Amino acid sequence: MLNLGLDSDDAIRWKVLEFLTEASIEQLEAGASCLPPGRLKELVEWLILQDDEEPDRSGIVIRMEEGDPVTRLFAAAAAASLGMGLLEHAARFAHRCSDVHTER
């Protein structure tokens, strides 16, 4: 399932986002342990760390604004899972990104 985060189809990536926001830490850890070293594994491990008492709020915002689509996906999952008010920011930013995507 985690590998599908790399898919270019928006509908598939939306399902991955739903999974990421609903998955337990144990599920994410199990998934991360099966991934080969690389960006996707790093993003899953970063998402797991956001469950800590001190989530990286500024890192979430930066990843939503400056990251590639896969990085933004994980940042949106972190924002949604933490319920930090960043989800609205993610939605506004995602809308801006989809506008750019449709202009191509």
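The values are calculated or read from the model by the stated rules, or taken from the named source; none is laboratory data. Bear in mind the structure is a predicted one, so any value in this text is a computation, not a measurement. A quick note on method: Cβ atoms are made from the backbone with ideal geometry, for glycine too, and the neighbour counts reach across all protein chains shown. In case anyone asks, the SASA skips ligands and DNA or RNA and just uses the protein heavy atoms, side chains included. Shrake-Rupley method; radii C 1.70, N 1.55, O 1.52, S 1.80 Å.
What a 1.4 Å probe finds exposed on region 11-71 is 53% carbon and sulfur by accessible area, rounded to a whole percent.
Take the Cα pairs of region 14-80, get the Kirkwood Rh, then feed it into Stokes-Einstein at 4 °C and 1.567 mPa s and tell me D in µm²/s.
Answer, rounded: 109 µm²/s.
In the neighborhood of TRP46, defined by Cβ-to-Cβ distances under 15 Å, what is the net charge if each Lys or Arg adds +1 and each Asp or Glu adds -1? Taking every Cβ under 15 Å from that of TRP46, the sum is -4.
Near SER81: Cβ cut-off under 11 Å, other residues only, Lys/Arg at +1 and Asp/Glu at -1. The net charge is -2.
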